[in-house]
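The values are calculated or read from the model by the stated rules, or taken from the named source; none is laboratory data. What you see is a predicted model, and the numbers here were worked out from it, not measured in a lab. To get the accessible areas, we keep the full protein, side chains included, count just its heavy atoms, and leave off ligands, DNA and RNA. Shrake-Rupley method; radii C 1.70, N 1.55, O 1.52, S 1.80 Å.
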Amino acid sequence: MADLSRPLRRSRDKGMIAGVVAGLAQYFSMDVTVLRVLYVLVSIISVAFPGILAYILLWILTPEEESTSA
């Protein structure tokens, strides 16, 4: 379940492209690998364009999480 008390943020531990899916996985308390596979499958099934467009929009609109190091 989503933790609505905190805002959605892109993950600084990107691993892949921009940390969008990793941020979504943290927000919804899901395994990042499972969410990445689901995102790719849904994007392929929907002829890729909506998934790519959604990813780019989330990349632009979702702020990156704040650094915890001093």
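Structure above, values below:
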{"item": "The chain, helix-only ellipticity at 222 nm - DSSP H runs n ≥ 4, -39,500 (n - 2.57), divided by all residues, nearest 500", "result": "-15500 deg cm²/dmol"}
{"item": "Under 5 Å, built H, 5+ apart or other chain: amide partners of Arg10", "result": "Glu64, Glu65"}
{"item": "Accessible surface of the chain [probe 1.4 Å, protein heavy atoms]: carbon and sulfur percent", "result": "70 percent"}
{"item": "Cα-Cα pairs of the chain separated by more than 16 Å (percent)", "result": "50 percent"}
{"item": "Accessible area of the chain divided out per residue, in Å², using a probe of 1.4 angstrom", "result": "73 Å²"}
